Amino acid sequence: MSRPQPSDPRPVPARLWRMFQKRSTPLGQSDPAEDVCRMDELGVEGDTLRHLPNLGELMPGLQSSPWPCMQKQLYFNLSVLEEMEELTLAQLELSIHGNLYPVPGAATVFTLSIWKLGVTPNSRQELVASQSFQAVHSSLYFNLTQISRAWRHQPNNQGALLEVGSSSMESHQEPSTACSKLAQDLHISLLVVTLNREKCKASRRKRSSFQLPPAFSRVCKRRRLHIQFKDVGWQHWIIAPQGYMANYCHGECPYPLSESLNGTNHAILQTLVHSTDPGHTPQPCCVPIKLSPISMLYYDNNENVVLRHYDDMVVDECGCR
């Protein structure tokens, strides 16, 4: 995949910022107590979260509600999901950025319906959700996981239809005024959580207990290395963190290997042979034996905001192998 080059990046949604900050330390390293294969904030398994904007258009001429107000296609680009990613949650968010009731005492009841569409925009298949609401600076959430999974395997799918009707509760404000305000202030997005199950299984198998490195500076141990993304030219597409403590392993694996050097049986024998024949047998190598993940916020090639947990990014422990 080519490096993303966002030209007009979208703002990072507040929900993603909160999730990133909860899972990250000031240096960008994830809390080791967190399971990188689960989104506890949303109650589902997952290691990647994407915020997808609605690409659907207004669809006039399909009025069926008692008080016609607005009809809009819900369509999201799910092709950005990789084949090995299992979709575990697709949550539709309807957020209203503004006050729909500028006149004191005026209020409008909105009736919202979401219909799954067939192969053409005019063919409804089933009612997905229905709700009445009055909204001021609020958000509504709907679970579209089931139909989103179906959309991934239907290249010609039309998505869904969002239909809103309204009725004025007071005479101060006409329904048409509230409808026009709603069409202007309504923001639609889909929060998609996915899981690479095989990668997560491998990640969980590799975890081990932490041990302090030896104090002698020439002996194999973890060394500090802080990486700044601007130094490698990635600052344009990585939102946060700006850098993190990656660390690295360096040092000798001398004979005899102590327990603190975390040597394998092979490494112990290799150091023994090296001590008797150093010209033909090298010492074991000082390598990472325990790594931990970090959480990253970034823009993908479609300029979507993505929160992903990347495994094996931070060296926590070194050993002789």
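The values are calculated or read from the model by the stated rules, or taken from the named source; none is laboratory data. Owing to the predicted nature of the structure, the values given are computational and were not obtained by experimental measurement. Heads up, the Cβs are rebuilt from the backbone with ideal geometry, glycines too, and the neighbour counts pull from every protein chain shown. Note: accessible area is taken over every heavy atom of the protein model, side chains too, but ligands, DNA and RNA are not part of it. Shrake-Rupley method; radii C 1.70, N 1.55, O 1.52, S 1.80 Å.
Among the conditions (1) farther than 15 Å from Leu94 by Cβ; (2) assigned to a helix (DSSP H, G or I); (3) modelled with pLDDT of 75 or more, the only one that Ser176 does not satisfy is (3). Look at segment 209-229: where a residue is over 16 Å from Asp316 (Cα atoms) and assigned to a loop (DSSP other than H, G, I, E, B) and a partner is open to solvent by less than 100 Å² (accessible area, probe 1.4 Å) and at pLDDT 60 or above, sitting 6+ places away or on another chain with Cβ atoms under 8 Å, you get Ser217/Gly251; Arg218/Gly251; Arg218/Glu252. Looking at this structure, is Gln125 touching a Gly at 6+ places or on another chain (Cβ under 9 Å) and either part of a strand (DSSP E or B) or among the charged types (D, E, K, R) (or both)? The answer is yes for Gln125. Within segment 98-118, does at least one residue satisfy the condition of being modelled with pLDDT of 85 or more and either of a type in the set (Lys, Arg) or in contact with a Lys or Arg (Cβ under 7 Å, 6 or more places away or on another chain) (or both)? Taking every residue of segment 98-118 in turn, at least one turns out to be modelled with pLDDT of 85 or more and either of a type in the set (Lys, Arg) or in contact with a Lys or Arg (Cβ under 7 Å, 6 or more places away or on another chain) (or both). Here Gly159 meets each of (1) within 30 Å of Met19 (Cβ to Cβ); (2) at pLDDT below 75; (3) surrounded by 15 or more Cβ atoms within 10 Å (Cβ to Cβ) with one exception, condition (2).
Select, from His250, His266, His226, the only residue that is at pLDDT 85 or above and closer than 24 Å to Asp35 by Cα. Result: His226 is the single residue among His250, His266, His226 that is at pLDDT 85 or above and closer than 24 Å to Asp35 by Cα.
Search segment 76-99 for residues that are farther than 15 Å from Arg149 by Cβ and pair each with any residue that is among the β-branched types (Val, Ile, Thr) and surrounded by 14 or more Cβ atoms within 10 Å (Cβ to Cβ) when their beta-carbon atoms are under 6 Å apart and the residues are at least 6 apart or on different chains. Filtered contacts from segment 76-99: Leu94/Ile188.
Checking each residue in segment 234-283 for being within 30 Å of Ser295 (Cβ to Cβ) and open to solvent by 80 Å² or more (accessible area, probe 1.4 Å) picks out Trp234, Gln235, His236, Gln242, Tyr248, His250. Within segment 254-306, the residues that satisfy the criterion of being closer than 23 Å to Gln228 by Cα and among the aliphatic types (A, V, I, L, M) are Val287, Leu291, Ile294, Met296, Leu297, Val305, Val306.
The strands (runs of 3 or more DSSP E) falling completely within segment 245-321 that include 2 or more residues that are over 30 Å from Ala14 (Cα atoms) and touching a Pro at 6+ places or on another chain (Cβ under 9 Å) map to 248-250, 305-320.
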